[in-house]
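Structure first, commentary second.
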Amino acid sequence: MTTTLAFPALLRLIDERSTAFRAAVASAPSLDVQVPTCPEWTLFDLVQHIGEGRRSWAATIAAGPDAQAKSVAEDAPTAPREREAMSAWLAASTQELLDALREAGPDRGCWTWWGASQSPQTCGAVARHQLQQMAVHTYDAQVTVGAPQPLPTEVALDGVEEFLFTCVATTSAWPYKPTAFDFHATEGHSWRLTVDGEGARSARIPTPTDADGESPDGAGVSVHGTASELVLFVYDRIAADSVRIDGDAGLFDLLREWEPEE
């Protein structure tokens, strides 16, 4: 696997997205407003998820490569509702994660939930996924306060591949007719997700030009948009009509409903 972003860049961008998240929360008139992209949560629920989740991952990283399950941050303070204290609690949560990642380094093993994926079970892969978690949830917070912003391009370009490698890849058999999903970012990067009896695997592919048309092997469906739009689409943050879909759009419904065996 070739990552787009080096480990120091991942840490820098986690910090940047965390700062943007705190800024969005600080601008909200109420913490009890519903998050449109996570309708089961209020903004305060989202804050708790971000802070507690980063502390838990920090504890998991610190537990070392022999840990058999995700760790719980012992005696961690809960999220305060007072704004200034909340911002400080969120910042401390991010710092705990970043400190744990720096201490461990990118190559040390770490428990993860994605054992059968194309992403390694390393602290570097955890940092890569944590960046995408912070980026998408920052978008959630921005939507909630009425000020959504596209994901930064360097984050989003890595995010398309990270999602495919980590969240979709599996060795469980695809229960339908074998096919392929192509993802084309307008910034000039493309990926193909192939699903068949051997599971789901993704790879980078050449990006077709206007003269070339679609990829020569013909995917069952392809989606075109900015890298930010592609990430937000695969995470169900924006509707299908926000991107261009060619081919059988119903394949995306099958992909979302698929529950591979562990």
Could you pull out every residue, at least 5 positions away or on a different chain, whose amide H is within less than 5 Å of the one on Ile238? Hs are placed 1.01 Å off N in the peptide plane, and Pro or chain starts have none. Phe233
Have a look at segment 133-200 and give its Rg and Dmax from the Cα atoms, expressed in angstrom. 15.0, 44
Computed from the beta carbon distance with a Förster radius of 51 Å, FRET efficiency for Arg244 and Glu103 to the nearest 0.05 stands at 0.70
Could you check the spin-label model distance between Gln149 and Gln34? Points 7 Å from the Cα along Cα→Cβ, value in nm. 2.7
Paramagnetic reach from Ala203 in segment 160-180 [backbone N under 16 Å; point 7 Å along Cα→Cβ]: 165, 169-170, 179-180
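Length gain on complete extension for the stretch Glu187 to Trp41, per 0.36 nm per residue less the alpha carbon to alpha carbon distance?
On the way: separation 146, 0.36 × 146 = 52.56 nm, distance 3.30 nm.
Extra length from Glu187 to Trp41 when fully extended: 49.3 nm.
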Enclosed volume per residue, in Å³, of the convex hull spanned by Cα atoms of the chain: 126
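If you scale each eigenvalue of the Cα gyration tensor by 5 and take the root, what three semi-axes come out for segment 87-127, rounded to whole angstrom and sorted largest first? Spell out each step's value before the answer.
Numbers: eigenvalues 107, 27, 8 Å².
Semi-axis lengths for segment 87-127 are 23, 12, 6 Å.
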Plugging the Cβ-Cβ distance of Arg12 and Ala173 into 1/(1 + (r/R0)^6) at R0 = 51 Å yields, to the nearest 0.05, a FRET efficiency of 0.80
With every protein chain kept in the model, how would you rank Asp196, Asp236 by accessible area, 1.4 Å probe, largest at the top? Asp236, Asp196
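The values are calculated or read from the model by the stated rules, or taken from the named source; none is laboratory data. Everything quoted here is computed from the prediction, not taken from an experiment. Don't worry about glycine lacking a Cβ; one is built from the backbone with ideal geometry, like all the others, and counts go over all protein chains shown. The protein model used for the area step is the full one, side chains on, heavy atoms only, and it has no ligands, DNA or RNA in it. Shrake-Rupley method; radii C 1.70, N 1.55, O 1.52, S 1.80 Å.
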